[in-house]
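Take a look at the structure below.
The values are calculated or read from the model by the stated rules, or taken from the named source; none is laboratory data. What you see is a predicted model, and the numbers here were worked out from it, not measured in a lab. Here the Cβ positions follow ideal geometry from the backbone for every residue, glycine too, while neighbour counts run over all protein chains shown.
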Amino acid sequence: MKSGALVILVGLLALWAELTPASAQRLPGKPGTCPTLIQNNDTQCGQFCSWDNSCPGSERCCQTGCGQQCMLPREVYPGYCPRLSPQPGQATNCSATCNNDQDCGSVYLPRKKCCSNGCGKTCQAAEEEHPGVCPKRELVNTFVPCNDTCRDDRDCPLTQKCCFTMCSRGCLDSVRSDRCQLPPKTGRCLAAFPRYYYNPSEKKCVLFTYGGCEGNSNNFETKEACEAACGKISPEVCKLPKDPGPCLGYSQFYYYNSATRKCEIFVYGLCGGNGNRFRTKLECMMVCGQRENSTEED
């Protein structure tokens, strides 16, 4: 009797595995703690990932309060550890000098991450993620395997990122920032202000009517302001001098130095400034066409 029940149980489990959508089946999760999100007018609700391994690199599939999306854990700094390519006879230091990225000092540029060297962990220079953010794609349940075509941004062209593609990971054209993919929001008020929002599908700024309240940040008074925030960055900004702005904050960015023809680090005061300011060296190089060996360190 017991053996018969066991056979039935095994059969039911096999049937469940066959009928469960491939996009909903789970594997062990990634390490790290998901950040806590506070919902506001810019919160996008939806199932923008299915489980941790549907997210690129070290990102996890995190709850947002009204859905889930790929996010970096709190303990993880942006960027990637170098991919291991051990050479024959290469000596390896097996001592562990770090446990996570936070043991590798500050988040100041150029960043370092806690990476495996094959038998231990050491702080190593991070390889940068590609500029921009992933376009959000809603989960679609499928009954066929979802095939990943990238592990992280390094498997994609520079203008694309490794993203959740409704079922698996794949390379998609990047968006400048999350605000640039928010839907146009008129709000509940009854005014009729002409405004512009960025449409990532059409890759252009589009006119819409704003009611005057409860909108979101994808809302610009002029087409020029919309294009400056969300459109393609003009190489003309590369001719501008570095400008820290009038405020006394401290944040590190890259700017293009037209004299040295290199992308270099500078301190931005967190207000004002100009368009010659980039979050990553890769973004600076992509816009300004840095004429130097890409492996050269600052």
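Matching residues to (1) touching a Leu at 6+ places or on another chain (Cβ under 8 Å); (2) modelled with pLDDT of 95 or more; (3) in the same structural domain as Cys213 (by TED's automatic domain parsing):
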position: Asn99; (1), (2), (3): no, no, no
position: Ser116; (1), (2), (3): yes, no, no
position: Gln124; (1), (2), (3): no, no, no
position: Asn141; (1), (2), (3): no, no, no
position: Thr149; (1), (2), (3): no, yes, no
position: Lys161; (1), (2), (3): yes, yes, no
position: Thr186; (1), (2), (3): no, yes, yes
Quick check, is Cys213 at negative phi and more than 26 Å from the chain's Cα centre (by Cα)?
yes
Number of positions in segment 126-147 that are out of contact with any Gly (no Cβ under 9 Å at 6 or more places or on another chain) and part of a strand (DSSP E or B):
1
When you look at Asp103, is it within 23 Å of the chain's Cα centre (by Cα), acidic (Asp, Glu) and modelled with pLDDT of 95 or more, yes or no?
no
Can you say whether Ser251 is under 28 Å from Arg111 (Cβ atoms), at pLDDT 95 or above and not β-branched (Val, Ile, Thr), as far as the supplied structure shows?
no
Residue, nearest to Phe253 (Cα to Cα), within segment 93-117, restricted to residues that are out of contact with any strand residue (DSSP E or B) (no Cβ under 6 Å at 6 or more places or on another chain) and among the basic types (Lys, Arg):
Arg111
Residue set Cys171, Cys163; condition within 30 Å of Glu128 (Cα to Cα), crowded, with 18+ Cβ neighbours inside 10 Å and free of Cβ contacts under 8 Å to residues at least 24 places away in the same chain; output residue Cys171
Residues satisfying the stated conditions in segment 223-253, i.e. of a type in the set (S, T, N, Q) and out of contact with any Phe, Trp or Tyr (no Cβ under 7 Å at 6 or more places or on another chain):
Ser234
Given the residues Cys150, Cys115, which is the only one that is buried (at least 19 other Cβ atoms within 10 Å of the Cβ), assigned to a loop (DSSP other than H, G, I, E, B), in contact (Cβ under 8 Å) with a residue 12 or more places away in the chain and not hydroxyl-bearing (Ser, Thr, Tyr)?
Cys150
